[in-house]
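The values are calculated or read from the model by the stated rules, or taken from the named source; none is laboratory data. This one's a predicted model, so the numbers in the text were calculated from it and none came from an experiment. Neighbour counts run over all protein chains shown; Cβ positions are idealised from the backbone, glycine included. SASA here: full protein model, heavy atoms, side chains in, ligands and nucleic acids out. Shrake-Rupley method; radii C 1.70, N 1.55, O 1.52, S 1.80 Å.
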Amino acid sequence: LHSHGFWRPKPSLDTARFTLSFNSWHRKNHQDSRALWKHEAVQKYLETLSKEYQQVSHQLNADSLNDFEQRTLRRRCADLSPIAAAFQKIKEAEREAQELEAMCTELDSRDEKQLLELALEEKESLDKKMNMLCRKLFQLLVPKEKYDGSPVILEVTAGRTTGGDICQQFTKEIFEMYQSYADYKRWTFDVVNYAPAEIGGLHHAAAHISGENVYRHLKYEGGTHRVQRIPETGMSSRMQRIHTGTMSVIVLPQPEEVDVKVDPKDLRIDTFRARGAGGQHVNKTDSAVRIVHLPTGMAVECQQERSQQLNKEIALRTLRARLLQRGTEQQLSQEQSARRLQLGTRAQSERIRTYNFTQDRVTDHRISYDARNIKEILSGKEALDKLINRLLEFAEIEAVTQYLENLQTLEGGG
């Protein structure tokens, strides 16, 4: 409390420290939003916020407040209001569920089957409502990251170690999966660079994706994706031998104004003929642009537009985004040490997902989540969206859990 008698406004949770290592207690216990809601520390924390909201609301009516105090309290009240409202809604839903449970027990003993069926249906509907309310509550507790609403540059690259043709074919499938996902989410998907492989796969490609909350949904897709499948042709296909390959995904936020200064003297700009998936201008003009940032050796290409100037502008935006990512990674590395946020480097240890075609299974290793029917995932629609939302939910739970663990440590004097 301030000496004036009101709470200090403070941020609740730090999502920048979130990592998908998931070694904390909630993963071991297969926690979800509903299970985390029942945890004693969560209940205590939410009760504290609810009481704070009541106090702040009451103090706003005091005549003795000056303008600064009024503004501070209004801001805090606006922050707490949706959290307190969601907390009360879940409490009410819990009371309804308890009443229904008691009713079901009585109906079961009286053998009133029809009424029991109706009560069970209502209870199932109430459970879904509570799951949704718990998820919404934790979304309110976890503040939005700076670039969550930003468009992105998404890059895919075939692995260079194992798999050969399988890697290139798999890279093409993953790129097309994200293209379909963008269409499913009604985002705009513009191909910036496309380098096909001779055998029909893909060496490397990049796309600019814009729309609502693009980075929020794609930020955990960066990393190494592994494929396990039997080749369609050759000796391995006849012997039913499983091959393993990898490809990498990089997701770079593209805020409208990227605050990264690039000295023109540090750039080498080359032009070459576009190559790729089609278009009348392909291989006819030197419209494609490659920019190399000499101090870091970082290189970007763009061949999306017919105009060399437009391609240069897009490539510069991409370069700034990658330099921004580099700076963000360095900052997080200093702050977090071992708990470093992964933003798409290609180390094998960062393998995030396996697509096993022989078992028709996709496994996300960070959350121990298995999904069946690879074709549905690769179609880039509802099944992929479900997997991505599961990742987002675990990220929110990890942020809440970490914050509460830190809070308990501070309260315990540890």
Inter-residue pairs, beta-carbon under 8 Å, first on the phi > 0 side of the Ramachandran plot and in region 279-307, second open to solvent by less than 30 Å² (accessible area, probe 1.4 Å) and at pLDDT below 85, 6+ apart: 283/274
Residue check for residue 65: outside any helix (DSSP H, G or I) and out of contact with any strand residue (DSSP E or B) (no Cβ under 8 Å at 6 or more places or on another chain): yes
Tally of residues being at pLDDT below 90 and either touching a Pro at 6+ places or on another chain (Cβ under 6 Å) or outside any helix (DSSP H, G or I) (or both) across region 154-177: 6
Qualifying position, being under 18 Å from the mean Cα position of the chain (by Cα) and open to solvent by 50 Å² or more (accessible area, probe 1.4 Å), among 135, 186: 186
Condition met for residue 210 (closer than 21 Å to residue 363 by Cβ, open to solvent by 20 Å² or more (accessible area, probe 1.4 Å) and modelled with pLDDT of 90 or more): no
Region 213-256: number of residues that are at positive phi and at pLDDT 90 or above: 2
Residue within region 97-116 that is assigned to a loop (DSSP other than H, G, I, E, B) and surrounded by 17 or more Cβ atoms within 10 Å (Cβ to Cβ) present: no
Residue match in region 336-349 (condition: assigned to a helix (DSSP H, G or I), open to solvent by less than 30 Å² (accessible area, probe 1.4 Å) and at pLDDT 65 or above): no
Criterion: of a type in the set (Gly, Ala, Ser), in contact with a Lys or Arg (Cβ under 7 Å, 6 or more places away or on another chain) and at pLDDT below 80 - qualifying residue of 12, 33, 24: 33
Yes/no for residue 180 being at pLDDT 95 or above and among the hydroxyl-bearing types (Ser, Thr, Tyr): yes
Top-ranked residue of region 271-301 - restricted to ones that are in contact with a His (Cβ under 9 Å, 6 or more places away or on another chain) and among the hydrophobic types (A, V, I, L, M, F, W, C), ranked as modelled with the lowest pLDDT: 274
